[in-house]
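The values are calculated or read from the model by the stated rules, or taken from the named source; none is laboratory data. These numbers were taken from a predicted model, which means no experiment stands behind them. Cβ: placed from backbone, ideal geometry, glycine included. Neighbour counts: every protein chain shown.
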Ligand SMILES: [Zn+2]
């Protein structure tokens, strides 16, 4: 049985319909051909993804807002410099920072967690994370269990972190988001799923964490067979998630901004499977390269 982490929201027991978002002021579009390694702190125009789910991140890093009748959930804080943009995006959509009742994270690297401390300060919301990630978020620094440890940047430590388990549903009002442990890219990597409905039209949304097998020069995946087994299991998990709309922490990894602009299909039930297939090839290639002494 799955336990739910329920945040009791006493202040907003209004039973109205979901709050509507007014038009967004004009914010420059992200360059379509930008290097995916750039624009991590550059404000992207905020926009609706589907129903209650909005993109409030930067041109290079996702931040996702899920809006409920009794409070909202924010996933990922992007870089240390990004919160001003994320907060401006939340406001531009007509929502309030004080309505954010829980902050979640995909993984504990500075490009997705660097802004969490500031976002927590400005919203007052707790951060909910799986144990391996929680420890890192509290320090603002990874340890040797992370394959990229030697090349990772530190970031402002996060104070109020609650530990949640794999599958422990996070609930704010009627919102229910499920964490799926998908360790590999980072030890605390977590993918999130929820269901959103526009009238009778419902979709399963998967915010699948990064699955790239990167490492610093001291780490060989081949020396960590249990970690590799868990990583392979994570890839299988992502392949099997209910997935009408795939979101990814690096929007470029799922062509997300172009899909939100209508240049490619937003809904594609095979997207998670393809994302996982690419990751499986990437991991096996990494292991092969380590064997041949050609890993970067
Ligand atoms: Zn990362």
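Within the range 229-237, is even one residue in contact with a helix residue (DSSP H, G or I) (Cβ under 6 Å, 6 or more places away or on another chain), within 16 Å of the ligand (Cβ to nearest atom) and within 20 Å of residue 76 (Cα to Cα)? No, because not a single residue in the range 229-237 is in contact with a helix residue (DSSP H, G or I) (Cβ under 6 Å, 6 or more places away or on another chain), within 16 Å of the ligand (Cβ to nearest atom) and within 20 Å of residue 76 (Cα to Cα). Just to be sure before I move on: is residue 42 at pLDDT below 95 and touching a strand residue (DSSP E or B) at 6+ places or on another chain (Cβ under 6 Å) in the structure I sent? Spelling it out, residue 42 is indeed at pLDDT below 95 and touching a strand residue (DSSP E or B) at 6+ places or on another chain (Cβ under 6 Å).
Against the criterion of being crowded, with 24+ Cβ neighbours inside 10 Å, within 16 Å of the ligand (Cβ to nearest atom), closer than 24 Å to residue 174 by Cβ and at pLDDT 95 or above, residue 89 does not qualify.
Consider residue 127 carefully, then state whether it is away from the ligand (no atom under 16 Å from the Cβ), touching a strand residue (DSSP E or B) at 6+ places or on another chain (Cβ under 8 Å), under 26 Å from residue 241 (Cα atoms) and without any contact (Cβ under 8 Å) to a residue 60 or more places away in the chain.
Details: away from the ligand (no atom under 16 Å from the Cβ): yes; touching a strand residue (DSSP E or B) at 6+ places or on another chain (Cβ under 8 Å): yes; under 26 Å from residue 241 (Cα atoms): yes; without any contact (Cβ under 8 Å) to a residue 60 or more places away in the chain: yes.
Taking the combined requirement at face value, the residue satisfies it.
What about residue 96, is it more than 19 Å from residue 214 (Cα to Cα), surrounded by fewer than 21 Cβ atoms within 10 Å (Cβ to Cβ) and either modelled with pLDDT of 95 or more or more than 13 Å from the ligand (Cβ to nearest atom) (or both)? Yes; evaluated as a whole, the condition is true for this residue. For the range 42-98, a tally of residues being farther than 22 Å from residue 110 by Cα, outside any loop (DSSP other than H, G, I, E, B) and more than 18 Å from the chain's Cα centre (by Cα) returns 3.
Within the range 171-186, take every residue that is over 27 Å from residue 70 (Cα atoms) and crowded, with 24+ Cβ neighbours inside 10 Å and give me the one that is farthest from the ligand (Cβ to nearest atom). Per the stated criteria, the residue is 182.
Report, by residue number, each residue of the range 206-222 that is within 20 Å of the chain's Cα centre (by Cα) and within 16 Å of the ligand (Cβ to nearest atom).
So in the range 206-222, the residues within 20 Å of the chain's Cα centre (by Cα) come out as 206-214.
Across the range 206-222, the qualifying residues are 207, 208, 209, 210, 211, 212, 213, 214.
A count restricted to the range 107-124 and to residues that are assigned to a loop (DSSP other than H, G, I, E, B) and either in contact with a strand residue (DSSP E or B) (Cβ under 6 Å, 6 or more places away or on another chain) or more than 16 Å from the ligand (Cβ to nearest atom) (or both) stands at 2.
With respect to being away from the ligand (no atom under 13 Å from the Cβ) and within 25 Å of residue 40 (Cα to Cα), residue 140 fits the description. When you check residue 162 against the structure, is it in contact (Cβ under 8 Å) with a residue 12 or more places away in the chain, assigned to a strand (DSSP E or B) and more than 15 Å from the ligand (Cβ to nearest atom), yes or no? The answer is yes for residue 162.
Counting only residues that are surrounded by 24 or more Cβ atoms within 10 Å (Cβ to Cβ) and within 15 Å of residue 123 (Cα to Cα), the range 68-81 holds 6 of them.
The selection criterion, being in contact (Cβ under 8 Å) with a residue 40 or more places away in the chain, more than 11 Å from the ligand (Cβ to nearest atom), surrounded by fewer than 16 Cβ atoms within 10 Å (Cβ to Cβ) and in a helix (DSSP H, G or I), does not hold for residue 134.
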